[in-house]
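Here the structure comes first, spelled out in structure tokens, and everything after it is commentary.
Throughout, read-outs are computed from the coordinates displayed, never taken from laboratory work. Since this is a predicted model, take the numbers as computed values, not measurements. Backbone-built Cβ (ideal geometry, glycine too); neighbour counts: all protein chains shown.
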Amino acid sequence: MSSDNVRGYSTPGRVSRTPRVSGTRSIVQQLGPRPDGSIPFSVEFNPPRDAAGEARLWRAAREFERLHPAFVSMTYGAGGSTRDRTIRVTGQLARETTLLTVAHLTAVDHSVAELRSIVGAYADAGIRNLLVLRGDPPGDVLGEWVKHPEGVEYADELVRIVRDLGDFHVGVASFPQGHPRSTDLDQDTHFLVSKLRAGAEYSITQMFFDVEHYLRLRDRAMACDPVEGAKPIIPELMPVTSLRTVQRAEELSGRPLPATVMERLRKAAGDGPEEDRAAVREVGIEIATEMAQRLIAEGAPCLHFITLNFAKTTSEVLANLGYTMSATPAHA
């Protein structure tokens with residue numbers, strides 16, 4: 001999931017927006033227990049860069065259809081680098097599968113007029129669930145943020161824009177360890193609450209590898225605002241499949257993996273000239289399974305998996321948790 005922005009404290013006493021009555025399924029409505037009593041899960045896809053990548057995405061989507069996720073989300077390239085393909089494929093997922101599809105929307109390099117146009121394009125494609133983020137500077141998660149001259153500075157502004165455009169359900173990002181640009185965790189928590197007050201219905205966390213960070217985030221949000229803090233905070237997981245994936249995980253999260261996690265992965269990799277990728281993958285799946293089990297026990301509303309457009313690894317974690325694949329997708 002793309003990173004969000006950091007802002008100072010929200011305006012005291014700001015009144016939360018009242019949710020509209022909507023005919024569109026929302027993410028929050030999808031978070032009840034599944035028929036077998038398990039909690040929901042969801043998956044994140046990335047925009048395909050070419051025809052081969054698009055074919056891989058569709059293979060993964062069809063596999064996940066048989067596992068019945070609560071929803072799937074599609075990230076958004078910084079600056080709209082893959083905008084047309086992203087909007088087209090996201091719309092196809094919504095129309096041609098049984099998957100409830102969430103589109104990411106970032107403010108990077110976009111004017112307000114362009115952002116409204118993108119939201120309109122998603123609406124035309126049948127997308128009414130959006131995950132709103134300020135986004136990262138292109139090419140550098142921690143680079144200097146430069147606001148578009150006619151754009152928005154903060155994610156709560158973008159939440160309001162989307163909510164004012166019509167019948168949309170909006171989610172935002174949250175950060176278990178705080179955003180790297182936060183001065184402290186209290187500031188980061190107040191900013192999350194400001195986005196929820198602006199009309200967001202839930203948040204999805206940045207990925208993490210220590211469940212305690214998620215639990216403390218949840219506690220902080222409730223302490224800051226018992227009403228807004230009670231909105232669902234969905235934890236994001238990424239099963240590690242190689243030491244190269246570790247590097248990618250750290251780039252995406254902006255945080256190093258915990259020492260205990262790295263020790264297990266390095267031990268599995270071995271001391272040879274090449275890492276034992278099969279062993280690393282096995283341990284990565286074990287770690288993700290253990291984290292998911294703890295999150296379920298602690299009452300997480302859903303498990304959200306970064307897939308990198310592959311189904312196999314996430315499916316194995318879900319199998320470890322007792323989720324089963326049906327012969328055919330459920331009816332939309």
Would you mind classifying the range 181-247 by shape? Square roots of the alpha carbon gyration tensor eigenvalues, ordered a ≥ b ≥ c; an a/c under 1.5 is rounded, otherwise it is prolate if a/b is larger than b/c and oblate if not.
prolate
For the range 248-260, take each phi angle, set θ = phi - 60°, evaluate the Karplus expression 6.51 cos²θ - 1.76 cosθ + 1.60, and give the result in whole Hz per residue in order, putting x for glycine and proline.
5, 4, 5, 5, 5, 8, x, 9, x, 5, x, 4, 5
Cleavage-rule hits, GluC sites (Glu not before Pro), the range 277-326, DSSP coil, Cβ neighbours within 10 Å at most 13:
Glu298
Theoretical gain in end-to-end length, Phe310 to Glu274 [0.36 nm per residue, Cα-Cα removed]:
10.6 nm
Checked the range 277-329 with the C-alpha gyration tensor, a ≥ b ≥ c its square-rooted eigenvalues, rounded below a/c of 1.5, otherwise prolate if a/b is larger than b/c and oblate if not; verdict oblate
Would you kindly derive the ³J(HN,Hα) couplings of the range 160-173 from the backbone phi angles with the Karplus curve 6.51 cos²θ - 1.76 cosθ + 1.60 (θ = phi - 60°), listing them in order in whole Hz, with x for Gly and Pro?
5, 4, 5, 4, 6, 7, x, 7, 10, 9, 10, x, 9, 8
